[in-house]
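Structure first, then comments.
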Amino acid sequence: MTTVLDAGRAAGDLRSDVTAEDIAASLIGIFTVAPPSGRQARAARLLDLLMDGLRPTR
């Protein structure tokens, strides 16, 4: 995961302060509050919010 994050940061597509631990903790949180049984829409929304938060401000 760190390799992917490093590439994203180098390309300017990800915030410079995002770590693999940040991603892991975020995903654990998302899947804890939105388990797959019947809450797919909520999980998708939370993942979209996470992805938006990873982008650098321009």
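Listed values, structure above:
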{"item": "Scan of region 9-28 for residues that are assigned to a helix (DSSP H, G or I), small (Gly, Ala, Ser) and touching a residue at least 12 places away in the same chain (Cβ under 8 Å), ordered by number", "result": "Ala20, Ala24, Ser26"}
{"item": "Search result, residues across region 27-42 that are open to solvent by 40 Å² or more (accessible area, probe 1.4 Å), within 13 Å of the chain's Cα centre (by Cα) and either under 12 Å from Arg55 (Cα atoms) or not aliphatic (A, V, I, L, M) (or both)", "result": "Phe31"}
{"item": "Residue count for region 5-22, restricted to those that are in contact with a Lys or Arg (Cβ under 8 Å, 6 or more places away or on another chain) and among the acidic types (Asp, Glu)", "result": "1"}
{"item": "Matching entry among Thr3, Thr57, Thr32 (being hydroxyl-bearing (Ser, Thr, Tyr) and not in a helix (DSSP H, G or I))", "result": "Thr57"}
{"item": "Any hit, region 2-18, residues being of a type in the set (Asp, Glu) and under 10 Å from the mean Cα position of the chain (by Cα)", "result": "no"}
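The values are calculated or read from the model by the stated rules, or taken from the named source; none is laboratory data. These numbers come from a predicted model, not from an experiment. Don't worry about glycine lacking a Cβ; one is built from the backbone with ideal geometry, like all the others, and counts go over all protein chains shown. Surface areas here come from the heavy atoms of the whole protein model, side chains and all, with no ligands, DNA or RNA. Shrake-Rupley method; radii C 1.70, N 1.55, O 1.52, S 1.80 Å.
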